[in-house]
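Structure record follows, encoded as C-alpha cells.
Any read-out appearing in this document is the output of simple, stated calculations on the displayed coordinates, not a laboratory observation. On a predicted model such as this, the values are computed, not experimentally measured, just so you know. Note: ideal-geometry Cβ built from the backbone for every residue, glycine included; neighbour counts use all protein chains shown.
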Amino acid sequence: MPPKIFIHEYFTGGGWSVPDMPSDLVSEGLGMLCAILKDFKKWGKATVYTTLDKRLTDIPLSSDSFTIINSADYNKSFSRIAKECDFSLIIAPESNDILLTLNKQIRDTGVCSLGSDLEAIRITGDKWESYKILFDAGVPVPETVCVGRHSALETAQKINFPLVIKPIDGVGCEGVYLVKDMDTFKSALEYDPVYNHRVLLQEYIKGEHLSASILSNGKEFVFLSLNRQHINEGMPFKYNGGEIMPPPEKGDPLHMIIEKIFKVIPGLKGYTGIDLIRSEAGYKIIEINPRLTTSYVGLREVININLAEAVFDAVVKGVLPECVKIKKNSIFSKEMPINFSSQ
C-alpha cells in the first residue's frame, strides 16, 4: 500500500487567519506547493493529501485529496488530516515559531516528518542563536549584534552606516532594511511592526546574493544547486526570484562551509536552503531555512532527479542520490497567478 503523505503550505493551506491575505506570500507559497505536488504525482508511489484556504479559487492541485479549510477551523483540520497520513512535509515561515509549532503538532500526531528535526528548526528559526552557533564554530558570518528595540537607536549611533536591520525570526526579506543613516534607521524601526522586542543590526556586505539548495539525510548531504537571488536592496529588501546554477567545484570553500554548518546544527534533514553573500572577501552565511524554499520551483525544472522522491528517500531511507546534475541554468520568478474568492 503506498504511503500517505500530507503536504501542507501555511499561507495557501488555511493558516492565515487575517481577513486580507498577503498576495506576495500566498503567491510564493502556492508556487512551492504546486511544484512539490507535481513531483510527488510524477513519482507516483504515494497518496498525497493537501489543504487549500477557502478564499482561494480556480487553483488546480496535483494531489489525490485536498481539503478546503476555513481559517477559523485551521488547527483542528490540520491535526485531523495529518493523523490520516504516514508522513508530512510542512512549508511555513519561521516567524512567530509557525514552522516549529506545526512540526510539533505533526510529531504529536505520531506522523513522520519529511523535514528537519525540531531542535534544528528551533535553532535556525532564531537568527540570533543560529548566528552565535555559526560564529563560534568559525563559519563566516556578517558582524551582527542583537539589541532591545528601545536601545537600538543608541547602539546604532556607535556603528558605521550603512547597516542592515532585521527581525530575530523573520522569513525571506520580511522586515529587512538597508539603512544608510540615522533618519532611515528611525523610519525603519518605527514603521515595521515586526520589531517587537529584539532587533538584529548587521554589517552591510556589498556582494552577490546567493542561496544553496541542499539535500540531507541527517548525516551526509548533497549540494543540489547554487542559486543567484534577485534582490532589490532597500527599505525594505525585495526578493523577486532568481537563477538556478550548478554547485561550485568540489575545491570551492563553500563546500567546507556547508559541511561545518551541518555538523554544528545537527538534525537538518530533507531539503534545506542556505542564504549567503559572495563578495571580494569570500562567502558570508546569512541564514538557514530548514524547509522548501522558492528556489525549488526553478530547480525541479533543470535537475536530473525527481526532488520529491529524493527528499523521501533521504529522510525515510537515509539514501542520497549518487549523481546530481543541473542540465542548464534556469531563471525563475516567485510570482504565481492567484484568484481570491469574494466569500
Exercise. Taking N as the number of residues in the chain, what is its alpha-carbon radius of gyration divided by 2.2 N^0.38 Å?
Worked result: 0.97
For this session: Could you calculate the FRET efficiency of Glu233 with Glu129 from 1/(1 + (r/R0)^6), where r is the beta carbon distance between them and R0 is 30 Å, rounded to 0.05?
Result: 0.75
For this session: Enumerate the aspartates and glutamates that Lys284 could reach by cross-link, defined here as Cα to Cα under 15 Å, with residues fewer than 8 away along the same chain left out.
Result: Asp136, Glu143, Glu203, Glu208, Asp252, Glu259, Asp275
Problem set entry | Where the Cα pairs of the range 114-185 fall when distances are cut into 10 Å bins, in % | 17, 44, 31, 7, 1
Exercise. Which log10 I(q)/I(0) values, to two decimals, does the range 15-123 give at q = 0.15, 0.20, 0.23 Å⁻¹ under the Debye formula with one point per Cα?
Worked result: -0.67, -1.27, -1.65
Problem set entry | 0 to 90° range, to nearest 10: angle between helix 98-108 axis and the chain longest Cα axis | 40
Problem set entry | For Leu52, residues with placed amide H under 5 Å, excluding near neighbours | Thr67, Ile68, Ile69
Seminar exercise, completed: Out of Asn240, Ile214, Phe332 - ranked by how far each Cα lies towards the positive end of the dipole of the range 207-332, with unit charges on the beta-carbon of charged residues - the top one is Ile214
For this session: Would you calculate a helix-derived [θ] at 222 nm for the chain, using -39,500 (n - 2.57) for each DSSP H run of n ≥ 4 and dividing by the full residue count, to the nearest 500?
Result: -8500 deg cm²/dmol
Problem set entry | Share of Cα-Cα pairs in the range 207-332 lying beyond 17 Å, as whole percent | 56
Exercise. In what order do Cys85, Cys146 fall by count of nearby beta-carbon atoms within 10 Å, going from fewest to most?
Worked result: Cys146, Cys85
Exercise. Stokes-Einstein at 4 °C, 1.567 mPa s, Kirkwood radius from Cα pairs: D for the range 236-285 in µm² s⁻¹?
Worked result: 99
Problem set entry | For the range 2-22 and the range 306-335, distance of Cα centres in Å | 23
For this session: On each of the three principal axes of the Cα atoms of the range 125-277, give max minus min coordinate, whole Å, ordered largest first.
Result: 45, 30, 25
